[in-house]
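Written out below as structure tokens is the structure these notes cover.
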Amino acid sequence: TFVMKEAPYGPFELGDALSMRDTEKALKICRYLFEYVGRDIPELIGIIHWQMRRIWEVKQYLAKGGNERNLAAVLGLPPFVAGKFAASAKRFTMKELRDACEELFRLDWKSKTGRVNAFSGLEEFLLRRTNVQLTKVNVHA
């Protein structure tokens, strides 16, 4: 009999590693999803953008006095996802989240127009956004 093993990582784990600022894990998952699973880099950029955008929305909601208990209902997210995003929002400043979303948008555009290698660009993004000391560096400005 043939038994199919479950993949050790899915695309959302990449965003989770990014939100935990775990450089090694983020790079490992990115390479795994690209090389072994065959995920398209623009798809990964889109998923990460979706996650970072939700974390930014959570940060804004809480900054305006929103209640963390109402977060799932307000944002239309499952409670466990809203809880993860609330925890992630505490690890980033508003500016970091805004800048990350803008950088992902530019990376997506540049990769689709041939101005940057998508895989290398995503790895550079992950390096900058997971390493607090490197966040001042902006290679794609």
Query raised in the report: Do we find that residue 61 is part of a helix (DSSP H, G or I) and without any contact (Cβ under 8 Å) to a residue 40 or more places away in the chain in this structure?
Result: yes
**Report entry** Boolean, residue 104 is touching a His at 6+ places or on another chain (Cβ under 6 Å), within 20 Å of residue 23 (Cα to Cα) and in a helix (DSSP H, G or I)
**Finding:** yes
Report summary line: Conditions (1) in a helix (DSSP H, G or I); (2) open to solvent by 70 Å² or more (accessible area, probe 1.4 Å) -> residue 8 fails only (1)
Query raised in the report: Of the residues that make up segment 107-116, is at least one touching a residue at least 12 places away in the same chain (Cβ under 8 Å) and under 16 Å from the mean Cα position of the chain (by Cα)?
Result: yes
Query raised in the report: On the given criteria, is residue 93 closer than 14 Å to residue 123 by Cα and among the polar types (S, T, N, Q)?
Result: no
Report task. Mind listing just one residue for me: the one in segment 96-114 that is open to solvent by 70 Å² or more (accessible area, probe 1.4 Å) and modelled with pLDDT of 95 or more and, of those, farthest from residue 43 (Cα to Cα)? Result -> 98
Query raised in the report: For segment 67-76, what are the residues that are open to solvent by less than 70 Å² (accessible area, probe 1.4 Å) and either in contact (Cβ under 8 Å) with a residue 40 or more places away in the chain or touching a helix residue (DSSP H, G or I) at 6+ places or on another chain (Cβ under 7 Å) (or both)?
Result: 71, 72, 75
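The values are calculated or read from the model by the stated rules, or taken from the named source; none is laboratory data. Bear in mind the structure is a predicted one, so any value in this text is a computation, not a measurement. Neighbour counts run over all protein chains shown; Cβ positions are idealised from the backbone, glycine included. All accessible areas refer to the heavy atoms of the entire protein, side chains included, with ligands and DNA or RNA removed. Shrake-Rupley method; radii C 1.70, N 1.55, O 1.52, S 1.80 Å.
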